Structure formats: structure tokens, C-alpha cells
Amino acid sequence: MSLVFHDTYKRAKMPFEPLEDGKVKMYNCGPTVYDTAHIGNLRAYVFADLLRRWLEAKGYEVTQVQNITDVDDKTIRRSREEGLTLSELTERFRDAFFSDLETLNILPAHIRPAATDHVDEMVTMIEELLKRDHAYRAPDGSIYFRVSSYSEYGNLSGKRLEDLRVGERVTSDEYESKDDVRDFALWKAWDEEDGSVFWETSLGKGRPGWHIECSAMSMKYLGRDFDIHTGGVDNIFPHHENEIAQSRCATDGTFARYWLHCDYLIVEGKKMSKSLGNFFKLQDLIDKGYTPREIRYVIMGTHYRSRLNFTFDGLHAARSALGRLDEFQASWQQFKVGDASAEAATAIDRAEKQFDEAMDDDLNISAAIAAIFNMVREVNSLTSQGVTTVGDRERLTQLWAKWDLALGVLSMKESSDSDGDDGWIEELIEERKQARQAKNFARADEIRDELVAKGILLKDSPEGTTWKREAN
RNA sequence: GGCGGCGUGGCCAAGUGGCUAAGGCGAAGGUCUGCAAAACCUUUAUUCGCCGGUUCGAAUCCGGCCGCCGCCUCCA
């Protein structure tokens, strides 16, 4: 069984073989920090996290680099609007972004470079491109990459040079200094709009173009050629196409060897937009009473190359499904003393194998989760027959921990619940217990109804009564 | 105009030539319970947008049609 990934460049699933045995070097296109991320943005990082976790589960030593774009048109415009310096603005949203990642149990990338800290590397690369005649300086002082100098341009996105249409969006003013409308900026000469944002370099006074940062930073930390480059499908063109062109032309290398892209997220079947009222940031959902764990489960639950339909039904389904997994884990405590049973071992082994095969197949998360639930059902059934033992529990604990590491959701803490004092609930439960012992069921039911009205569900068992909050 | 994707049970969602079309949610029935809830078990698509074709055999391949959607210069 071998690991395969769908490579956008080859448009096919390809066996994954890293450059260096046992090691994977991966670059994720990170956010432009001009605002807090919405759940669509966050999907890309949940995906990258799942990818990294699975590679690590396979035993690879992963080096993950995720950049922060902290200088571009949007960050500059926004900082001026808010009356902040560029770094004041970008640091605020960068921190908010990191915080969102942590909330979603996304492991921090090993290296998280910011574009503004790597202008020197970008300048060096642009100089090399100029030297090799893949770039030119335009009359306005900006430097552009000459697309016609790279014959393989368009291979990633499947666009042929001659097909690229000059759309209405390309105003003639903005591009009149370019030799060819398809050429893209490597270096933007300073203008009024940039205000105090500029670097004085050998290239002149200005700032880097967008695409060059990812080339410079990925190669700085991962080497000329590295294994995986990820991003959203919207990055395929032009961003990644341009990265490939400038990187290969500057180095003669391969650059990234596997390109993985995740699709968009839509909400309730529609494109997320503020006017439709279906535009959500992480905190918006938490404020509605959903937990980060439920949100992660939903975002993760659809294959990364499919469009994810994010719905509130789905969020509730996640709550039930996770509850079932939690109940399963809790049920291990009831296992009787004894050696591992052959029946349970068979179910557990099969599930482990199915999970591995599913994830190895381009991260087929649906099939992987199905393997978990199949095992849950089989083991529950064995438990009801009194078959499962402490020996089985050991094996389950081990496998569960492995899956948890890979998915990052099994033991993820339910936060944002139980803020405030829950003592009143315990008091009512105690009163009800006494009423029940006195066979005063009328009062006992009254208390239960009262709690239900407040969204508290009771669960009676031989060990006592426990409670939990109902889905809102 | 160019390139590309999608349409599977009430909802979400795997499967892309052949054992009985995964799994989750929901729903129904059962076990348990003072009654419930929760939990657990069982059941829940002769059928994969429609029409043709290829094949011993198709949700899976080919053609046509219908419907939805993405990208085509800075948007994860």
C-alpha cells in the first residue's frame, strides 16, 4: 500500500516519493493579513494540517513552512484607512490568525516567515531573473517577469498563453508600461498610494510583487527543490503558475514537486457572502454555540478536493457523531478483566487497515472516518455481548491515540462550554435523586423538565446521573 | 469565447467496470428505564440528473441533452 496524492500539475494521482528518504518538505501558501480569516480561508489550513499530520503518522519527518503575506495592495490600503502603520495592522491580524489556528487544533508550521522579513532574498532573486533576461524594467521603474520567456507557462493551470484573454478587469492604465499584459510584477516601484511603505534596494525604491515572496521564502527554507506546495484552488492561477515560472527561470530547478490544492467552501449551498448573511468567521460560529471541535470536524469531513458545503445541519450532525465517538471511548471503562479477544482484535485490525488505506489514497477522509464508525459499531456490539476485555481496551487506546494524532479531533477539547457557574445544575440533580429515591416521580420529572427547558440533558445510569448541554 | 469541475437515499457524503452502492446525521422499530432521556442494537437507495451506446457486466467508459458551479491577473 502506498501513499498517493493528486498532483494538480500532472492532473492525476501520483505515488508520493519525497526527495529525501523519510523527510518531507512542504510549503503552504499562507494568508494575507489584512482582516480576520473567515471559515473559507481556514479550510486551507485545516487541510494543510491534516496533510502534515498524516505524513507524520506515516513516519515522515516533516518540515512545514507557512508564510504570512504582510505587504500588498490590501494591507497597505487597509492600514491607511485605519490610520495604522503597516506592521501595526498586519501584526494584529497575524496574531488573530495564529489564534484561530490554535483554536482549531491546527499544529503551528515549523517556520512561519513574513514577507517583509525576506525582501533581501526577493531582491536577490529578481536580480537573477534580470540577469537571465527573464525580467525587465518598465518605464515606470517596476520590474516584470517576461511570461513569453518561459515556454512552459500555463502548464499548471492548463491555460495556453494564446488563450489568456485580456479581460475588462485589466485596465489599460495600470498595465500600459508592461510589454505584454500577461507579464506580472516582481517589483513595484513606489508610488503615492504606498505612502510610507517602501524599501530602498538595489532595484530602487519600492516593494515586492506578490508572487515573488513565496518563491523566495519556500526555497530559502526548503531548498531549491522541495516536495509539496499547497494552497486553495484560486491560487492555481495566477499565483502558483507565476511562482513556478519565476522559480524555475531563476534557478533551473524543479521547484515544488507535488502541487495540492483544496477547493472552496460554500455555506448552505451558496457562495459565502456578506449580503446573503452566510459569511462566517470562526468566532461567529463559536458565538452561536458551536465548538471549535465541531467546526473542525465539519471542515475536515469533506474530501479536500471537493467543494465543502458548510451547513448548520452539518454542525449538528458533527455534534451527534462526536458524541457517539466520545461515548464509545467512555464505554471502554466497562470492559471486563481478561486478555484481548479474537473477535475484537479482528474488528480493530480491519479498521486500522481500512483507515490507513483510505488516508493513503489522497487523504480519503470519508472512507477513513467510515472505518472508525464501522469499528465502533462492531466493538459496541461485542461489548453488549460481554465479549470485550481490558486487553481489547489496551489495543483500542493505542489505535485511538494514533487516529487522534492523525485527525486532531478525537480528543480535542470542547471549549466555550461551561463558562459560568454550573453549581445550580448539580443541586437540582441532587434534589431529583432524593425525590426518585422517595419514589416522588412527579417532582423528579418536574426537575428534569425544568432542566430540559434550559437545554440541559440528563443521563441516568447505575453510576449516577450526568448531564450535558443540548445542541442549540 | 477558452479551460475545468459537479449532479449518489430526507440532509451531508464515499465509491469511478463485477462480491450485498461505505459512513455520518435524521427517521422508524427494539433493548434498557418508574416513565423518559441518553446509550446501544436493527431497519432505512433493485438504485446512482435524463436519453442512447460500448460491454458477458456500468453509478463507474463513450456520445447527446438538462441542471448547477469554478477559473481566465493578485481571491484560501
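The values are calculated or read from the model by the stated rules, or taken from the named source; none is laboratory data. Note that the structure is a prediction, hence the values are computed from the model and not measured. No Cβ is skipped: glycine too gets one built from the backbone with ideal geometry, and neighbour counts run over all protein chains shown. In case anyone asks, the SASA skips ligands and DNA or RNA and just uses the protein heavy atoms, side chains included. Shrake-Rupley method; radii C 1.70, N 1.55, O 1.52, S 1.80 Å.
Remarks
- Count of segment A:252-273 residues, restricted to those that are open to solvent by 40 Å² or more (accessible area, probe 1.4 Å) and either within 13 Å of RNA strand B (Cβ to nearest atom) or on the phi > 0 side of the Ramachandran plot (or both), is 6.
- Each residue in segment A:1-39 was checked for being among the hydrophobic types (A, V, I, L, M, F, W, C) and assigned to a strand (DSSP E or B), and 6 pass.
- Residues of segment A:53-66 satisfying the condition of being under 19 Å from A:MET219 (Cα atoms) and open to solvent by 20 Å² or more (accessible area, probe 1.4 Å): A:GLU61, A:THR63
- Residue check: A:GLU431 meets all listed conditions (1) more than 10 Å from RNA strand B (Cβ to nearest atom); (2) touching a residue at least 60 places away in the same chain (Cβ under 8 Å); (3) not in a loop (DSSP other than H, G, I, E, B) but one, namely (2).
- Filtered by the rule that a residue be out of contact with any Asp or Glu (no Cβ under 9 Å at 6 or more places or on another chain) and polar (S, T, N, Q), segment A:303-345 gives A:SER320, A:GLN329, A:SER331, A:GLN333, A:GLN334.
- Per-region count, segment A:335-368, residues open to solvent by 60 Å² or more (accessible area, probe 1.4 Å) and more than 10 Å from RNA strand B (Cβ to nearest atom): 11
- Every pair of residues 6+ apart whose Cβ atoms lie under 7 Å, when the first sits in segment A:25-47 and is closer than 20 Å to A:LYS74 by Cα and open to solvent by 20 Å² or more (accessible area, probe 1.4 Å) while the second is part of a loop (DSSP other than H, G, I, E, B) and aromatic (Phe, Trp, Tyr): A:HIS38/A:PHE279; A:HIS38/A:PHE280; A:GLY40/A:TYR264
- Extreme residue, surrounded by the most Cβ atoms within 10 Å (Cβ to Cβ), among residues of segment A:383-409 that are modelled with pLDDT of 95 or more and not in a helix (DSSP H, G or I): A:VAL409
- Matching residues in segment A:67-83 - criterion: being open to solvent by 10 Å² or more (accessible area, probe 1.4 Å) and touching a strand residue (DSSP E or B) at 6+ places or on another chain (Cβ under 8 Å): A:ASP70, A:ASP72, A:LYS74
So that you can scan it fast, the table gives a plain yes or no per residue for (1) within 14 Å of RNA strand B (Cβ to nearest atom); (2) in a strand (DSSP E or B); (3) touching a residue at least 60 places away in the same chain (Cβ under 8 Å):
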{"site": "A:ILE76", "(1), (2), (3)": "yes, no, yes"}
{"site": "A:ARG94", "(1), (2), (3)": "yes, no, yes"}
{"site": "A:GLU102", "(1), (2), (3)": "no, no, no"}
{"site": "A:LEU107", "(1), (2), (3)": "no, no, yes"}
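- Members of segment A:119-134 found to be in contact with a helix residue (DSSP H, G or I) (Cβ under 7 Å, 6 or more places away or on another chain) and surrounded by 15 or more Cβ atoms within 10 Å (Cβ to Cβ), listed by number: A:GLU121, A:MET122, A:MET125, A:ILE126, A:GLU128, A:LEU129, A:HIS134
- Test for A:PHE441: is it of a type outside the set (Lys, Arg), farther than 19 Å from A:ASP349 by Cα and out of contact with any Gly (no Cβ under 7 Å at 6 or more places or on another chain): yes
- Looking across segment A:275-309, the residues that are in a loop (DSSP other than H, G, I, E, B), within 12 Å of RNA strand B (Cβ to nearest atom) and charged (D, E, K, R) come down to A:ARG305, A:ARG307.
- Count of segment A:176-201 residues, restricted to those that are loosely packed, with under 15 Cβ neighbours inside 10 Å and basic (Lys, Arg), is 0.
- Condition met for A:THR90 (within 16 Å of A:VAL71 (Cα to Cα) and assigned to a helix (DSSP H, G or I)): yes
- Residues of segment A:211-249 that are small (Gly, Ala, Ser) and buried (at least 18 other Cβ atoms within 10 Å of the Cβ): A:SER215, A:ALA216, A:SER218, A:GLY231, A:GLY232, A:ALA245, A:SER247.
- Restricting segment A:1-60 to residues that are aromatic (Phe, Trp, Tyr) and touching a Ser or Thr at 6+ places or on another chain (Cβ under 9 Å), the residue that is farthest from RNA strand B (Cβ to nearest atom): A:PHE16
- Answer residue from segment A:125-141, given it is touching a residue at least 12 places away in the same chain (Cβ under 8 Å) and in a helix (DSSP H, G or I) and is farthest from the chain's Cα centre (by Cα) among those: A:LEU130
- From the list A:TYR144, A:TYR153, the one residue that fits, being open to solvent by 10 Å² or more (accessible area, probe 1.4 Å) and not in a loop (DSSP other than H, G, I, E, B), is A:TYR144.
- Selection status of A:LEU129, more than 21 Å from A:PHE47 (Cβ to Cβ) and among the aliphatic types (A, V, I, L, M): yes
- As a summary of the residue check, A:GLY158 satisfies the conditions (1) under 17 Å from A:VAL119 (Cα atoms); (2) at pLDDT below 95 except for the one numbered (1).
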